[in-house]
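Colleague: Sharing a structure with you now.
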Amino acid sequence: MKRLLTPLALTLCMALTACRNNSSSNTTVQQQKAETFYDNSSNAAENTRSNVTEYERPAQLNDRPEQILRRTGYITSYNSETRNPNWVAWHLTKNHTYGKNQRSAEVFTEDQDVKPRATDNDYYSSRYDRGHMCPAGDNKWDATAMRQSFLFTNICPQNHALNKYEWNDLEMLCREWARKYGAIDIVCGPVYDSPTPTRTIGRGHVWVPDAFFKVVMCRKGQPKAIGFVFRNDGKKVSLQSVACTVDDVERLTGIDFYPALDDKLENHIEAHADFGEW
């Protein structure tokens, strides 16, 4: 994989960004039906930067394995080498933050659309949580969306404390933002410090991420975007301290976010992040 930072570089990037952020911080949406939420006629092979039309979807990846999978509530880019998603993207509306479908009735499931793939056995005794990328809490609006959120192509090995606290805190905050602004566009996924895994779990050798990213964009009013990067170690951090620009996350991951935007607007919002503005 290309353009991956070392742990030291990642730490410095996060520290510098936190300083920058700290210095700068001083109508009902109709529910879209599940079967039409994404246009399933698109061809994944045609996903170049110029014809990406879903605002939440990153540009095509050419430096690592990628299989695009469209689900009811999200799109995922699956990596057959890591057995994890490269990224998971979704458009979260206000109405999609509510619903009657609960995660208690669901179980983690192998994704039969990919090979090779992670299994539930890979996680047994691994000391890592089955960490949702697109959270179950964003999929209560539809039974199929809730069920698909438990596919392993939406899951990564995640430190228990990170999954329970900071990652969950940001998930809840994103739902607050969706209710506040009507809708937001989210992409998240794993970060690796090197082209070879620091650690794997299970017989499937599922790669354990060294960190996780999340980028969020709001297109209502004055458009804005913000990124976050968390080390996968469970150390307690504040959301403000790990906030950064989308440009920072692009340099870290090699992923081109929000290619469907006008270039001038994209360049502007990706270069600026202020947690206080949200």
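Colleague: Among strands (runs of 3 or more DSSP E) lying entirely in the stretch 67-159, which contain 3 or more residues that are open to solvent by less than 10 Å² (accessible area, probe 1.4 Å)?
Modeller: 75-79, 84-93, 155-158
Colleague: So Lys220 ticks every box in (1) closer than 21 Å to Ala161 by Cα; (2) open to solvent by 30 Å² or more (accessible area, probe 1.4 Å); (3) basic (Lys, Arg) but one. Which box is left unticked?
Modeller: So the condition that Lys220 fails would be (1).
Colleague: Determine, yes or no, whether Asp256 is more than 14 Å from the chain's Cα centre (by Cα) and either open to solvent by less than 10 Å² (accessible area, probe 1.4 Å) or not polar (S, T, N, Q) (or both).
Modeller: no
Colleague: Right, another one. Would you mind stating whether Asp169 is of a type outside the set (Gly, Ala, Ser), under 27 Å from Asp233 (Cα atoms), surrounded by fewer than 18 Cβ atoms within 10 Å (Cβ to Cβ) and in contact with a Leu (Cβ under 7 Å, 6 or more places away or on another chain)?
Modeller: So Asp169 fits the description; yes.
Colleague: In this structure, is Ala225 closer than 17 Å to Gly254 by Cβ and open to solvent by less than 10 Å² (accessible area, probe 1.4 Å)?
Modeller: In short, no.
The values are calculated or read from the model by the stated rules, or taken from the named source; none is laboratory data. Since we're looking at a predicted model, the values are computed, not measured. Don't worry about glycine lacking a Cβ; one is built from the backbone with ideal geometry, like all the others, and counts go over all protein chains shown. Areas reflect the complete protein model, heavy atoms only, side chains present, ligands, DNA and RNA absent. Shrake-Rupley method; radii C 1.70, N 1.55, O 1.52, S 1.80 Å.
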